[in-house]
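Could you have a look at this structure, given as structure tokens, before my questions?
Where a number appears in this text, it was derived from the coordinates with a stated rule and is not lab data. In this text, all values refer to a predicted model and were calculated from it rather than measured experimentally. Ideal geometry is used to build each Cβ from the backbone, glycine not excepted, and the neighbour counts take in all protein chains shown.
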Amino acid sequence: MKKYKVVIIEDNIPLGLGFKEVINNTQEFAVVSVYDNCEDAIENMLYDDAQIYLVDIELPGMNGVEGTREIKKARPKSNIIMVTVYENSDVVFDALCAGATGYLTKNLPPSDLVDALNETVAGGAPMSIKIAKMVVGSFQKKPSKIELSPREKEVLTLLSVGNSYDVIAEKLFISRNTIKFHLKNIYIKLQVNSNIEAVQKASKENLL
């Protein structure tokens with residue numbers, strides 16, 4: 001049976017070797033290299049030809065987030081799991097935006113590490129429960145700090161569904177000049193320069 005190749009990038013050598021022992025005791029995975037920095041791992045990417053990388057975030061020299069970017073740039077199909085002591089949302093999103101597949105904490109039981117590897121090759125995104133909750137929470141829409149008046153919202157809503165100025169004027173019983181006045185205020189508030197940009201920004205800010 002062909003095993004998935006794993007590279008470990010961890011400057012805590014005992015921890016890295018511990019991960020290696022756990023992984024090499026499986027039938028599906030084999031550690032091909034253990035590095036204590038990203039630079040060496042990146043230099044040997046072609047030689048290692050790994051499908052999975054376990055990467056610490058706090059590393060000497062290039063940190064794990066930047067290392068992840070470089071690995072994904074060179075090997076887009078590689079799966080990168082961040083393994084770290086951090087559990088704050090900023091670091092989580094830095095890692096995920098850099099291309100990390102999953103995110104685990106260093107105090108995880110050995111069985112969870114193996115489960116995470118299996119989940120990764122199956123197309124999943126392994127995360128600790130705490131981190132998964134933060135990710136979900138951060139994706140929930142936050143109230144916008146931008147405030148549009150009720151009339152401005154009416155004008156923009158009608159505009160967003162393709163109504164012309166004349167149709168909007170007729171529906172709201174206002175003149176074209178009044179519509180232009182409202183749009184001018186909308187542009188200023190949303191910091192945009194066109195109707196399309198205004199509709200897109202308002203939708204993004206959950207204003208419509």
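Mind listing the long-range amide H neighbours of N37? Cut-off is under 5 Å, sequence gap 5 or more, other chains count too, H placed in the peptide plane at 1.01 Å from N.
Under 5 Å from the amide H of N37: E10.
Sorted by average packing, counted as other Cβ atoms within 10 angstrom per residue and highest first, what order do 24-31, 35-42 take?
35-42, 24-31
Same structure, new question: Testing the spin-label approximation: label points 7 Å from Cα along Cα→Cβ at E147 and E197. State their distance in nm.
Here the answer is 2.5 nm between the modelled labels.
Right, next: When log10 I(q)/I(0) by the Debye sum over Cα atoms at q = 0.07, 0.12, 0.14, 0.15 Å⁻¹ is calculated directly from the model, which label among (i) -0.18, -0.55, -0.77, -0.89; (ii) -0.21, -0.61, -0.82, -0.93; (iii) -0.37, -0.67, -0.77, -0.83 fits?
(iii)
Further, regarding this structure: Can you tell me the 0 to 90 degree angle between the C-alpha axis of helix 129-139 and the longest principal axis of the chain, rounded to 10?
Rounded to the nearest ten degrees, it is 20.
For the peptides 168-175, 100-107, what is the packing order when you average, over each peptide's residues, the other Cβ atoms within 10 Å and list the highest mean first?
Output ranking for 168-175, 100-107: 100-107, 168-175.
Here's a follow-up. Per residue of the chain, what 222 nm ellipticity follows from adding -39500 (n - 2.57) for every DSSP H run with n ≥ 4, rounded to the nearest 500?
Result for the chain, helices only: -15500 deg cm²/dmol.
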